[in-house]
Amino acid sequence: MRSYSLIAPAKINLYLEILGDRSDGYHELAMILQSIDLADQIDIHANSTEAITIHCDHHQVPTDQSNLAYRAAALMAKEFPDVFNNFGGVDIRITKRIPVAAGLAGGSTNAAAVLVGIDLLWDLGLTKSELEELSAKLGSDVPFCISGGTVIATGRGEKLSPLPSIDNVHLVLAKYTSLEVSTPWAYKTYRQVFGSSYIRDTEDLLARAHAVHSEEIVKAVLNQDAVKISQKMHNDLEKVVLPAYPKVLALRDLFSSQAEVLGTMMSGSGPSVFGIVESKEQGEIVKEKIRAAIPDDDLELFVTKTIKNGIQISQK
C-alpha cells in the first residue's frame, strides 16, 4: 500500500498584536509567524477501507475525531468524495516531538501534514494556495503551517503575506509539560480587560493591519538582523497570561536574565517561552543554565532554530 512520511515543523510568534473584534466572533490580528526545526513526524498510509485512524506515541494527544489530524483527513474525504471512494481511508501515525498544548501550533502542523500527505497519496495535484484555502476551514494556524517560513499573518491569522525567510537563527525553547493555557480563555480575557481599546471601524482595522508591514520588526526581518528582531518582538497575550501563570512569568524573567539571550517572549497564547541566541553553542549554555536554575523534570527544554519551510516529505 502507498504511504508517505512527512515532517511537520512547529511555529513561534515573533509578533502578535490584537487589533479588535471581527464580525465572526474572532479577533482581528496582526502577527509575524516563524517556522522552527522542532518538528513532529506524520506517517500516512492508505488502508483500503472507509476508516480514518489516528495513532500517537504521546498520551496527551487524542486519537479520536477531536484530533485535528483526523479532521483534516475527514475534510479531504468530504471535499473529494469520488477520490475517497476510489482510494479509501488512511492510517495516520503521529510521532510527537513538539510539546503538547504549547502555543507552537503542534496540532495545526499535524493537520497541515495530513492535507499534504493525502494530496500526494490521492494524486490530487493541489497547489499550495488550494491547500491553504482548504486548511483555513480547520483553524487559523493551519494555512501558515502548509508553507511555513516567515510571514505576516492578518485577519484571524489566515491571510498570509510572505517575508524573506529567517533561516538558522537559534533559540532556546521551554515549556512545562503539565502546564496548559487555553487559547480561547486567553483571547476572551484579553477582550474583557482591554476591549475598550479595540479599533471599532472596519476600515481602520484594515489600515492598522496593513500598517504592520512597516513596523520596525518587519524592517529587522528584511535586514535579517537577529539582534533587532529580538529587541522588537511583541505579544499582546503576555498581558493576560503572565499575571495569571506565575511559572510562565518566572520562566520569562529567567530567560531575560541570561547574558547570552538577545530577546525573549512567550509564543502565541503560551505557555511556551523562547529566547533568541547568537549560536547553537550559546543555546546549549542557556539551556544548561535554565536547567540548573529550575531542576524540575516537568520542564522541557529544547535548542532549536528558525527554518524557511513548512511541511516537507521526509527523506529517510
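The values are calculated or read from the model by the stated rules, or taken from the named source; none is laboratory data. Predicted model only: the values in this text are computed from it and were never measured. So basically every Cβ, Gly included, is an ideal-geometry build from the backbone, and we count neighbours across all protein chains shown. When the accessible area is computed, the model is the full protein with side chains, heavy atoms only, and any ligands, DNA or RNA have been set aside. Shrake-Rupley method; radii C 1.70, N 1.55, O 1.52, S 1.80 Å.
Looking only at region 118-129, count every residue that is loosely packed, with under 14 Cβ neighbours inside 10 Å, within 17 Å of VAL142 (Cβ to Cβ) and modelled with pLDDT of 95 or more and tell me the total.
1
If you check every pair at least six apart or on different chains, which have Cβ atoms under 9 Å apart with a residue in region 187-200 that is closer than 14 Å to VAL240 by Cβ first and a residue that is open to solvent by 60 Å² or more (accessible area, probe 1.4 Å) second?
TYR187/TYR26; TYR190/LYS239; VAL193/LYS239; PHE194/LYS239
Taking the condition open to solvent by 30 Å² or more (accessible area, probe 1.4 Å), closer than 19 Å to LYS188 by Cα and over 20 Å from the mean Cα position of the chain (by Cα), does ALA244 pass? Give the steps one after another, and end with the answer.
Numbers: open to solvent by 30 Å² or more (accessible area, probe 1.4 Å): yes; closer than 19 Å to LYS188 by Cα: yes; over 20 Å from the mean Cα position of the chain (by Cα): yes.
So ALA244 fits the description; yes.
Which of (1) touching a helix residue (DSSP H, G or I) at 6+ places or on another chain (Cβ under 9 Å); (2) farther than 21 Å from HIS58 by Cα; (3) crowded, with 19+ Cβ neighbours inside 10 Å does GLY149 not meet, given it meets every other one?
Every condition holds for GLY149 apart from (1).
Quick one: which strands (runs of 3 or more DSSP E) sit completely within region 125-211 and have at least 2 residues that are closer than 30 Å to ALA77 by Cα?
Values: elements: 150-155, 159-162, 170-176.
So the answer is 150-155, 159-162.
Filter region 85-102 for residues that are in a loop (DSSP other than H, G, I, E, B) and open to solvent by less than 20 Å² (accessible area, probe 1.4 Å); which is farthest from LEU301 (Cα to Cα)?
So the residue we want is GLY88.
Have a look at ASP43, ASP82 and point out the one that is open to solvent by 40 Å² or more (accessible area, probe 1.4 Å) and of a type outside the set (Lys, Arg). Can you show your working first?
Details: ASP43 fails: open to solvent by 40 Å² or more (accessible area, probe 1.4 Å).
Being open to solvent by 40 Å² or more (accessible area, probe 1.4 Å) and of a type outside the set (Lys, Arg) holds for just one of ASP43, ASP82, which is ASP82.
I need the full set of residues from region 9-35 which are part of a loop (DSSP other than H, G, I, E, B) and aromatic (Phe, Trp, Tyr), in order please.
TYR26
For region 257-268, indicate whether the set of residues that are in a strand (DSSP E or B) and either within 27 Å of LEU6 (Cα to Cα) or touching a residue at least 60 places away in the same chain (Cβ under 8 Å) (or both) is non-empty.
Looking for residues that are in a strand (DSSP E or B) and either within 27 Å of LEU6 (Cα to Cα) or touching a residue at least 60 places away in the same chain (Cβ under 8 Å) (or both), one finds at least one in region 257-268, hence yes.
Based on this model, can you work out whether ALA72 counts as buried (at least 23 other Cβ atoms within 10 Å of the Cβ) and within 15 Å of the chain's Cα centre (by Cα)?
Answer is no for this residue.
Suppose we keep only residues that are among the aliphatic types (A, V, I, L, M) and touching a Lys or Arg at 6+ places or on another chain (Cβ under 6 Å) within region 96-120. Which one would you say is nearest to TYR176 (Cα to Cα)?
This residue is ALA102.
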